[in-house]
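Scroll down for the structure; my scribbles are underneath it.
The values are calculated or read from the model by the stated rules, or taken from the named source; none is laboratory data. A quick note: this is a predicted structure, and the numbers were derived from the prediction, not measured. Note that each Cβ is placed from the backbone with ideal geometry, even for glycine, and that neighbours are counted across all protein chains shown.
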Amino acid sequence: MLFKPTEIANIAMNIEKNGLAFYSALANRVKEGETKTLFTFLAKEEKEHYDTFEKLCSKLASYQVPDFDEEYDEYMQQLVDNNVFAGDCNAAELAEKVKTPLEAIEMALGFEKDSVIFFIQLKKVMPAVEQFAVEEMIEEENRHIKKLLLIKKDLTETREEFYITKGDWDSERQ
C-alpha cells in the first residue's frame, strides 16, 4: 500500500485546511448576499471536517489496511497529485485570482467534486467502525455541490452558459 491510513487522513486534513482558507478568502471578497453566505458556511464546514479527520488520524495510527494492487496505489497518487488542495498551496492567493462569483462557484464545484472522489477512496482503507465518519463527510460534500449548483443556476442565464464555462468555450471560437 502506497499510503498508510494516517497519511491519507493527513492529506484529507490538508484538503480541508486549504478549503477553509479558500472559502474564507472568498467570503471576505464577496460583498453580500447568497454567495457570501454560502462561502461563509462552506468555510465553517471545512473547519468541522478538518477536526473530524484530525480525530480519525489518531485512531488510525495502529490500523493496518489490506494490500491493494499497484493500480489502486497509482490511482490514489494521481488523486493526490491532481487535487489542488491536497498539496501545499496558497488558497487565499488562489481566491484572489477569482474575478466573478460564477468563477468562484465553478472553482468551488471542482474542489468539492475532487474531495468526494478522494473521500470515497479514503473510505476503502478505513476500518469498518470508522467508515461512517467518512461517509458523512461524503454526504456533506454532496450537499455542498448541490448548494453550489443551485447558486450557479441562479447566476447563469442559459442552459449552455450553465454547462460551458465562458473561458473554456469562448477562447476556442476566436
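Note down all Cβ pairs under 8 Å where the first residue falls in the stretch 42-55 and is under 17 Å from residue 108 (Cα atoms), the second is assigned to a helix (DSSP H, G or I) and hydroxyl-bearing (Ser, Thr, Tyr), and they're at least six residues apart or on different chains.
Short answer, once both residue conditions are applied: 42/23; 43/23; 43/24; 46/23.
Of the residues that make up the stretch 109-128, is at least one more than 18 Å from residue 39 (Cα to Cα) and either part of a loop (DSSP other than H, G, I, E, B) or among the hydroxyl-bearing types (Ser, Thr, Tyr) (or both)?
Within the stretch 109-128, one or more residues are more than 18 Å from residue 39 (Cα to Cα) and either part of a loop (DSSP other than H, G, I, E, B) or among the hydroxyl-bearing types (Ser, Thr, Tyr) (or both).
Quick check on residue 14: is it surrounded by 14 or more Cβ atoms within 10 Å (Cβ to Cβ), modelled with pLDDT under 85 and part of a helix (DSSP H, G or I)?
So residue 14 fails the test.
Residue 31 passes all but one of (1) within 17 Å of residue 98 (Cβ to Cβ); (2) in a helix (DSSP H, G or I); (3) out of contact with any helix residue (DSSP H, G or I) (no Cβ under 7 Å at 6 or more places or on another chain); which number fails?
Single failed check for residue 31: (2).
Please go through the stretch 137-154 and pick out each residue that is in contact (Cβ under 8 Å) with a residue 12 or more places away in the chain and under 22 Å from residue 46 (Cβ atoms).
So the first thing to find is which residues in the stretch 137-154 are in contact (Cβ under 8 Å) with a residue 12 or more places away in the chain, and the list is 137-138, 140-142, 144-145, 147-149, 151-152, 154.
Within the stretch 137-154, 137, 138, 140, 141, 142, 144, 145, 147, 148, 149, 151, 152 meet the criteria.
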